[in-house]
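Step one of this worksheet: look at the structure below.
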């Protein structure tokens, strides 16, 4: 038996193991650096063109911005808010939809913060309308009055189990966190129907399977905010336990689950970058 050859083989195997462990540690360290130091300050625009026969040819091309989960306060500071507002302004949307959770739950609103947010949201212009649904944090007893005042004073129409008709071919429905699905029975099959819900799980209700829905938008879970490869989300969120980015469900309508804008609990994002969504709607021949 050649001991020298055996030692060489063991050394090679040890070198491979050390190399793998080193590469893994470098990967983890770089991921954590990006998650805590870089990603939370990023803001990506997800572009999507939608052509549909239900959209009237007469309206040409209509643009829409959807953003959600601002979480202003503990982590979402003025620098990040200014980036959000300027990005929306540059997109020059016809329609704007906010998906809820304006303040972070760890932050107590003040008159100063309320006025700041009114000024920010007033800078958003949308000639076809600004609409929103409320998240669970917006309805917290310490925040409800502030949020209502901010939205009302910045021109956002709150849709709470209500709908509006736009351009005679698009119906926009906002579901409350306690949804009344009967409002969707008015959806006409010949219209392009957009449904907005803060909670993703709301979209799983059986009654929606046979309702005319063209596009559904939801947020709340922040894309799980931190999602580890092969492991999944670092925590679950009530209201998004059955439908989230880590756990998809086949639905009879297109669904966008936004990772949102701000951070909560921890100022970090991994594989769930801050984002807003920009749609271009047009007629399909």
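For the stretch 25-38, the count of residues that are in contact (Cβ under 8 Å) with a residue 12 or more places away in the chain, surrounded by 14 or more Cβ atoms within 10 Å (Cβ to Cβ) and over 30 Å from residue 117 (Cβ atoms) is nonzero. For the stretch 257-274, residues that are surrounded by fewer than 19 Cβ atoms within 10 Å (Cβ to Cβ) and within 23 Å of residue 202 (Cα to Cα) total 0. When the stretch 69-80 is limited to residues that are in a loop (DSSP other than H, G, I, E, B) and touching a helix residue (DSSP H, G or I) at 6+ places or on another chain (Cβ under 9 Å), the one that is surrounded by the most Cβ atoms within 10 Å (Cβ to Cβ) turns out to be 69. Selection of the stretch 192-210 for residues being outside any helix (DSSP H, G or I) and surrounded by 19 or more Cβ atoms within 10 Å (Cβ to Cβ) yields 192, 193, 194, 195, 196, 197, 198, 199. Looking across 233, 218, one residue alone is surrounded by 14 or more Cβ atoms within 10 Å (Cβ to Cβ), modelled with pLDDT of 90 or more, touching a strand residue (DSSP E or B) at 6+ places or on another chain (Cβ under 9 Å) and in the same structural domain as residue 87 (by TED's automatic domain parsing). It is 218.
The values are calculated or read from the model by the stated rules, or taken from the named source; none is laboratory data. These numbers were taken from a predicted model, which means no experiment stands behind them. Every residue, glycine among them, receives a Cβ derived from its backbone with ideal geometry; neighbour counts consider all protein chains shown.
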